[in-house]
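Q: Following this message is one structure expressed as structure tokens.
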Amino acid sequence: MTRVFKIPIHVSQPELVRPETSTPREFKYLSNIDDQFGLRNHIPFVHFYPPSEDLRARDPAALIKQALAKVLVYYYPVAGRLRSSDNGKLVVDCCDEGVVFGEADSDITMAELHKINGGLKPPFPMWDQLLVEDIWGSYLIIDAPLLRMQVTRLACGGFILAYTFNHCICDAYGAYQFITALSEFCLNLNLIAPSNLPSWGREILNPRTPPIISHRHPEYDISDSPTLTYTETDFKLLAQTSIFFSNSDISLLKNQLDGRRNPTFDAVASCLWKARTRALTNPNAITRLLFPIDTRFRCKPSLPKGYYGSAVVFPCAIAKANEVMGKPLHYAASLISEVKKRVAGNEYRASVLDFIEMNERRGFCMDEAFVVSDMCRLRFAEIDFGWGGGVYGGPGRAGTGLKPGMVTSIIGHKNEEGVEGVLALVSLPLESVDRFHMEVRKQIESATSLNLVAAL
């Protein structure tokens with residue numbers, strides 16, 4: 001949890017940046033994964049870069065803006081707009097209208113930022129100033145810019161890069177790919193093309209004819225009730241917090257699970273699910289854990305190298321809340337493992353595409369649902385714009401998705417003491433934050449106690 005902190009900052013009037021040279025004017029097909037209702041939101045990211053003595057005279061905002069115009073030549077659909085077509089299907093109008101770019105200046109230094117909130121990690125108490133164009137919830141999806149970016153120069157010579165993508169145009173991997181390409185142009189403005197050329201390829205994810213729903217899909221809402229739309233105020237009423245799992249903590253959690261080689265995700269996600277259920281959920285409810293799985297490199301037909309669209313499916317573990325609360329941690333982890341086995345192979349993704357086709361792009365089931373998105377393999381902090389690696393790079397905040405508090409992201413992180421591990425970004429009602437943290441620590445400490453008993 002964090003308090004609002006105002007830093008002295010001057011933000012310029014945002015402008016639209018367009019591709020440097022002419023690009024094709026056309027309409028691009030979005031896959032059923034791209035334009036499903038559950039992804040009609042925005043995904044924000046941020047990078048913090050310390051000053052470099054060699055680059056004190058260089059303006060990071062001017063450099064990134066120039067590189068952005070170059071990278072958009074290759075990612076020209078990002079400079080377009082989403083339009084609504086037949087039956088609510090979205091398409092990309094490659095109209096070259098551009099992306100939003102803003103720059104700002106602050107009197108604060110990177111060293112001072114380190115002291116504000118126990119180190120440079122989410123939640124960032126000054127987030128609204130670092131990305132004034134940030135969008136919460138499912139607003140400004142159609143007929144609006146697909147990327148909004150801001151560079152804030154710091155008094156010490158460091159800078160902050162913050163941006164948010166429309167989730168329909170890319171997933172986290174796609175965002176990472178785009179920003180990596182942007183960094184390559186920053187390192188060499190004369191670069192002919194990015195090292196990983198982007199590929200559209202959305203037509204590979206066409207539904208089958210006829211569609212075949214071969215799996216159950218409890219992750220989707222099949223009721224006839226209208227999907228609720230939440231306002232920015234609804235999202236901001238919740239408190240932002242994060243919790244750090246050191247590698248030692250993760251080992252202790254893994255020791256509670258069945259099996260010798262337990263994935264880090266299973267250990268951390270089951271701990272978060274159990275803690276959140278205890279902190280928020282009625283014991284008599286049915287609770288769901290959704291976890292995105294990237295199908296880029298694991299399903300046939302294969303997606304082309306450079307694919308930056310959404311390629312994730314959202315398998316779902318279901319359990320009675322009182323069982324998640326009361327049973328040992330390995331119970332929740334075993335549910336995750338069972339779902340992973342059930343959705344392995346090519347058929348599950350095909351079934352998802354067909355389900356969405358036959359059910360009018362329904363949203364995810366939001367009743368007592370919790371999403372844990374694993375970004376640990378995306379090394380945002382290592383992206384180099386010429387100033388070296390970042391102090392922090394990754395999701396800008398919790399509170400993404402369509403429902404306040406539903407989505408948590410986990411990323412690889414090194415804390416202020418140099419300890420490596422995983423950081424979870426969480427959004428909760430204020431009155432539940434302390435309980436949530438307590439429940440997480442309780443699970444880690446119970447593993448410590450079990451180890452001590454076993455050693456006697």
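The values are calculated or read from the model by the stated rules, or taken from the named source; none is laboratory data. What you are looking at is a predicted structure, and each value in this text was computed from that prediction instead of being measured. For neighbour counting, all protein chains shown are included, and Cβ atoms are generated from backbone atoms with ideal geometry for every residue, glycine included. When the accessible area is computed, the model is the full protein with side chains, heavy atoms only, and any ligands, DNA or RNA have been set aside. Shrake-Rupley method; radii C 1.70, N 1.55, O 1.52, S 1.80 Å.
Q: Could you list, in sequence order, the residues of segment 209-253 that are over 20 Å from Ala332 (Cα atoms), of a type in the set (D, E, K, R) and surrounded by 13 or more Cβ atoms within 10 Å (Cβ to Cβ)?
A: The answer is Asp221, Glu232, Asp234, Lys236.
Q: Additional query: If we keep just the residues of segment 261-307 that are in a loop (DSSP other than H, G, I, E, B) and charged (D, E, K, R), which is farthest from Gln443 (Cα to Cα)?
A: Checked segment 261-307; the qualifying residue farthest from Gln443 (Cα to Cα) is Lys305.
Q: For the subset of segment 22-51 comprising residues that are small (Gly, Ala, Ser) and not in a helix (DSSP H, G or I), which member is surrounded by the most Cβ atoms within 10 Å (Cβ to Cβ)?
A: The extreme case among them is Ser31.
Q: Taking the residues in segment 105-122 that are outside any loop (DSSP other than H, G, I, E, B) and acidic (Asp, Glu) as candidates, determine which candidate is farthest from Pro19 (Cα to Cα).
A: Applying the filter and picking the extreme gives Glu112.
Residue by residue, here is whether (1) open to solvent by less than 50 Å² (accessible area, probe 1.4 Å); (2) under 30 Å from Phe178 (Cα atoms); (3) in contact with a Ser or Thr (Cβ under 9 Å, 6 or more places away or on another chain); (4) not charged (D, E, K, R) holds:
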{"position": "Asn255", "(1), (2), (3), (4)": "no, no, no, yes"}
{"position": "Ala267", "(1), (2), (3), (4)": "yes, no, yes, yes"}
{"position": "Arg278", "(1), (2), (3), (4)": "no, no, no, no"}
{"position": "Ala285", "(1), (2), (3), (4)": "yes, no, yes, yes"}
{"position": "Pro292", "(1), (2), (3), (4)": "yes, yes, yes, yes"}
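Q: Then there is this: Given the criteria modelled with pLDDT of 95 or more, within 21 Å of Asp35 (Cα to Cα), among the hydroxyl-bearing types (Ser, Thr, Tyr) and assigned to a loop (DSSP other than H, G, I, E, B), does Ser373 qualify?
A: So Ser373 fails the test.
Q: When you check Ala144 against the structure, is it part of a helix (DSSP H, G or I), under 22 Å from the mean Cα position of the chain (by Cα) and at negative phi, yes or no?
A: Judged against the criteria, Ala144 is not a match.
Q: Say whether the condition of being touching a Phe, Trp or Tyr at 6+ places or on another chain (Cβ under 9 Å) and among the polar types (S, T, N, Q) is met by at least one residue in segment 62-77.
A: Scanning segment 62-77 turns up at least one residue that is touching a Phe, Trp or Tyr at 6+ places or on another chain (Cβ under 9 Å) and among the polar types (S, T, N, Q).
Q: Here's a follow-up. Considering each residue of segment 334-350, count those that are among the hydroxyl-bearing types (Ser, Thr, Tyr) and buried (at least 21 other Cβ atoms within 10 Å of the Cβ), and give that number.
A: So the count comes out to 0.
Q: Being at pLDDT below 95 and at negative phi narrows it down to one of Arg298, Arg349, so name that one.
A: When all the criteria are applied, what remains is Arg298.
Q: Hey, could you check segment 52-104 for residues that are among the hydroxyl-bearing types (Ser, Thr, Tyr) and outside any helix (DSSP H, G or I) and say which is surrounded by the most Cβ atoms within 10 Å (Cβ to Cβ)?
A: This residue is Tyr75.
Q: For segment 363-378, how many residues are touching a residue at least 60 places away in the same chain (Cβ under 8 Å) and more than 18 Å from Ile286 (Cβ to Cβ)?
A: 5
Q: Here's a follow-up. Does Ile142 meet the test of being buried (at least 20 other Cβ atoms within 10 Å of the Cβ) and either free of Cβ contacts under 8 Å to residues at least 60 places away in the same chain or of a type in the set (A, V, I, L, M) (or both)?
A: Answer is no for this residue.
Q: Quick check: anything in segment 303-318 more than 24 Å from the chain's Cα centre (by Cα) and open to solvent by less than 20 Å² (accessible area, probe 1.4 Å)?
A: No, segment 303-318 contains no residue that is more than 24 Å from the chain's Cα centre (by Cα) and open to solvent by less than 20 Å² (accessible area, probe 1.4 Å).
Q: Return yes or no: is Leu147 at pLDDT 95 or above and either open to solvent by 10 Å² or more (accessible area, probe 1.4 Å) or in contact with a Gly (Cβ under 7 Å, 6 or more places away or on another chain) (or both)?
A: In short, no.
Q: Moving to a separate point now. Arg153 - would you say it is more than 22 Å from Gln129 (Cα to Cα), of a type in the set (Lys, Arg) and either open to solvent by 30 Å² or more (accessible area, probe 1.4 Å) or touching a Lys or Arg at 6+ places or on another chain (Cβ under 7 Å) (or both)?
A: no
Q: A follow-up question, please. It is to be established whether one or more residues within segment 239-251 are in contact with a helix residue (DSSP H, G or I) (Cβ under 9 Å, 6 or more places away or on another chain), of a type in the set (Val, Ile, Thr), closer than 30 Å to Gln443 by Cα and part of a helix (DSSP H, G or I).
A: Yes, segment 239-251 contains a residue that is in contact with a helix residue (DSSP H, G or I) (Cβ under 9 Å, 6 or more places away or on another chain), of a type in the set (Val, Ile, Thr), closer than 30 Å to Gln443 by Cα and part of a helix (DSSP H, G or I).
Q: Related question: Residue check, Pro122 against (1) touching a Leu at 6+ places or on another chain (Cβ under 9 Å); (2) over 14 Å from Ala162 (Cα atoms); (3) not β-branched (Val, Ile, Thr), all met but one. Which one?
A: (2)
Q: Select from segment 376-386 the residues that are part of a loop (DSSP other than H, G, I, E, B) and crowded, with 20+ Cβ neighbours inside 10 Å and list them in ascending order.
A: Scanning segment 376-386 gives Leu378, Ile383, Phe385.
Q: Would it be correct to say that Leu402 is modelled with pLDDT of 95 or more, assigned to a loop (DSSP other than H, G, I, E, B) and open to solvent by 10 Å² or more (accessible area, probe 1.4 Å)?
A: The answer is no for Leu402.
Q: Of Thr152, Thr229, which residue is part of a loop (DSSP other than H, G, I, E, B) and more than 27 Å from Tyr307 (Cβ to Cβ)?
A: So the residue among Thr152, Thr229 that is part of a loop (DSSP other than H, G, I, E, B) and more than 27 Å from Tyr307 (Cβ to Cβ) is Thr229.
Q: Which residues, taken from segment 352-389, are closer than 16 Å to Leu182 by Cα and basic (Lys, Arg)?
A: Residue satisfying the conditions is Arg379 alone.
Q: On to the next question. Return only the number of the condition from (1) without any contact (Cβ under 8 Å) to a residue 12 or more places away in the chain; (2) surrounded by 14 or more Cβ atoms within 10 Å (Cβ to Cβ) that Ile192 does not satisfy.
A: (2)
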